[in-house]
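The values are calculated or read from the model by the stated rules, or taken from the named source; none is laboratory data. Predicted model only: the values in this text are computed from it and were never measured. Here the Cβ positions follow ideal geometry from the backbone for every residue, glycine too, while neighbour counts run over all protein chains shown. The protein model used for the area step is the full one, side chains on, heavy atoms only, and it has no ligands, DNA or RNA in it. Shrake-Rupley method; radii C 1.70, N 1.55, O 1.52, S 1.80 Å.
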Amino acid sequence: MTRPETPAAPRGPVPAAGGGRPARRGAPPRGRYALLAAAAVLGTLAAAPPATPRGTAAPPAAEWTAAPAAGRPYAYLEGPAGSVLEDTLSVTNPGPRALTVTLTGEGPAAVAFAARTVTVPARTRADVPFAVTVAAATPPGEHRGTVRAAAGGRRTEVDLRLKVSGPRLAALTVEDARVDRATGTLHYTLVNRGSTLLDRPRLAVRADGLLGTVLDLPDRALPLTLRPGERAARTEPWPDPPALDSVTVRLTATAPGATPATAATAAVFASAPALAGAAVLPLAAAGGAAYTLRRRARTKGATT
């Protein structure tokens, strides 16, 4: 039996089932292929970020930053007095527009930037060198400063830590000691003559008069911090100064690592009531002596 020949597939568009216009290329597939295509579209929508609803502001852009180069938390420099030390400040601008930044610095040493004003393009980082000049008179030890960057109404501060090398010497002196005789107040000045910080130095006061000690204040910590080369004028009250005496006052100051420092001053106390009382004593003594002489003369005459 001879099988009938299968007709060849017609070329060109295939008529749609039930008549009508032929199916166009790119038309949505039907059946199982249509379900697969719909699932693929849904998966794409789920993976895409959600659209910003109308009336809702877009999230703010990342703000610019300023920090020491290499991601350090602060700028650290070390060197001897009289040297020039260098470092770099990194300014990052993640925004879509260029940013103009003003750079300044302050501290125990002069801070100078390669440019005081820097324009950083959008999505760019600028590394700005700066130099710290350590004066020859800067004492050894730890010093703190600040580097600032300002732009767009905002300011960022970066901690600057400076370590000046050299010998460390603790020295304290007491100067300009004197006594206010009207009130008995003690005036003196503490001076840090060393190269280290002196925190809460101690002071003791003693005053000796003609008849012995008239004031004895044991040493106590003073609420004071003295930087190298710094002076502090202070007073010490004398609640009950003598009314009539000649005294010598000694002030002794101490600080950790420093040799005790002593200053002495003399004062003469002579109030008006005390002087009047002192004048009465000789007169009373003279009157008593005259009375005794007269009495003796009378007694002798009566006997004879």
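In the complete set of protein chains, residue-level accessible area for ARG193 is approximately 130 Å², probe 1.4 angstrom.
Annotation: extensible slack from GLU86 through THR248 equals 52.8 nm (criterion: 0.36 nm per residue apart, minus Cα-Cα distance). Compute the FRET efficiency between THR146 and ARG123 as 1/(1 + (r/R0)^6), taking r as their Cβ-Cβ distance and R0 = 25 Å, and round to the nearest 0.05. So, using R0 = 25 Å, E works out to roughly 0.35. Overall shape of the stretch 83-213 was characterised from the C-alpha gyration tensor. The equivalent ellipsoid obtained from it has semi-axes of 51, 17, 10 Å, in decreasing order.
Distance between the C-alpha centres of the stretch 60-86 and the stretch 150-225: 33 Å, rounded to the whole angstrom.
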